[in-house]
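Heads up: the structure comes next, in structure tokens.
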Amino acid sequence: MAAAVNFSDSGPNLSQLFDAIWKDYEFLESSTEPSNSTVIQSRVLKAVERAEKAVHMVNDLSLFSTNEQLEEVATNEIKYLLLPGLLGYFVNKSSSESRFETVKKSQVYLIDFIRLCKLYGVTEVDLPKPYRSREGDDEKDTQPKQSARPGLTSIEEQTRKRQMKIERFKTQKELNRNLQELYDLVKKENVDEESKRNYYVTLLKKWISDALETCESIDEEIPLIEHMTRLKESKDQPSNENKSKDKKKGVFRPFIITKDAMQKQVFGLGYPGVPTYTVDEFYQDRVDQGLFPPAGSTPKGKNSTTTDEEEKEAEKKEQLEDDDNSTRQAREWDDWKDDHRRGWGNAKNKG
């Protein structure tokens, strides 16, 4: 972890505050802790507070003006042009607010940083526009809104963006190489003013490239956040189908069933708020609701049951008839054997 910065009782000056902010940046860039861990988030909150305070100090000191050029800015003050970019970087890593509010706020700071650098001639890139959701923001804008669905962009637009990313990647690679060489020179004790100035300008260009890339990523992330929010809201609200089912179910109301109309009058007097039915009225009410069959009608499945019983009865009758035939034949055979003794018909072999 980077060493803590010691402040005086009256508070740090702008140079000390910037050094502390830069150490926060280096710590977050080199840390291997999860982005939502307590260590990272506590450092992010402190960094945001320091960056906001530094931006207010720059404004109070009126260090930058719209009618001056970069050559007119002192070398040691060029680094303060980074403050809006650093603030946007820290806010983008914060998880204290909803992700939607976080990325929108981060994009505003990053665009303000690019605008400031373009004002001083550090870059000539086109200034990105803040993302505007399809629902619209409080601030009206006459310019066409960016599409909330990147897939709807034309093929030419996608090709152009791809080419820009390739060129930006090459530029970042070259800037990182030059930045490392200049940083090695700046670390020396006796560094000339020109080398230090070149280092800060190169650092600004590197941050401009990173800010443009972050703004594009935010443009792609916000539609996803809006989509997930709508899905969550639709899940929280019951569907119309469920509502209609609940209405159909209704609420069970107690009632009294009496044997006849006379009992209905008697029990009805004691419970005026409770419906009272006779048996016949209760049955007819259930018939009207389709729960009971009409009186005198054949219940469903009755015919099939009767047919099965008749078939079983017929089979049983046939079985009894078969048994009677078998018994009769057996008796006739016994009678025949009694009348015809064995051997009586063999006249040739009589002894």
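The values are calculated or read from the model by the stated rules, or taken from the named source; none is laboratory data. Not measured: the values here are computed from a predicted model. Heads up, the Cβs are rebuilt from the backbone with ideal geometry, glycines too, and the neighbour counts pull from every protein chain shown. The accessibility values were calculated without ligands, DNA or RNA, using every heavy atom of the protein model including side chains. Shrake-Rupley method; radii C 1.70, N 1.55, O 1.52, S 1.80 Å.
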- Accessible area per residue, 1.4 Å probe, Å², for the stretch 151-214: what's the number? 71
- Query: Using a basic spin-label model with each label point 7 Å from the Cα along Cα→Cβ, how many nm lie between Asp210 and Leu127?
  - Reply: 2.3
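What is the local net charge at Lys53, summed over the other residues whose Cβ is closer than 12 Å to its Cβ (Lys, Arg +1; Asp, Glu -1)?
Counting the neighbours of Lys53, the net charge comes to -1.
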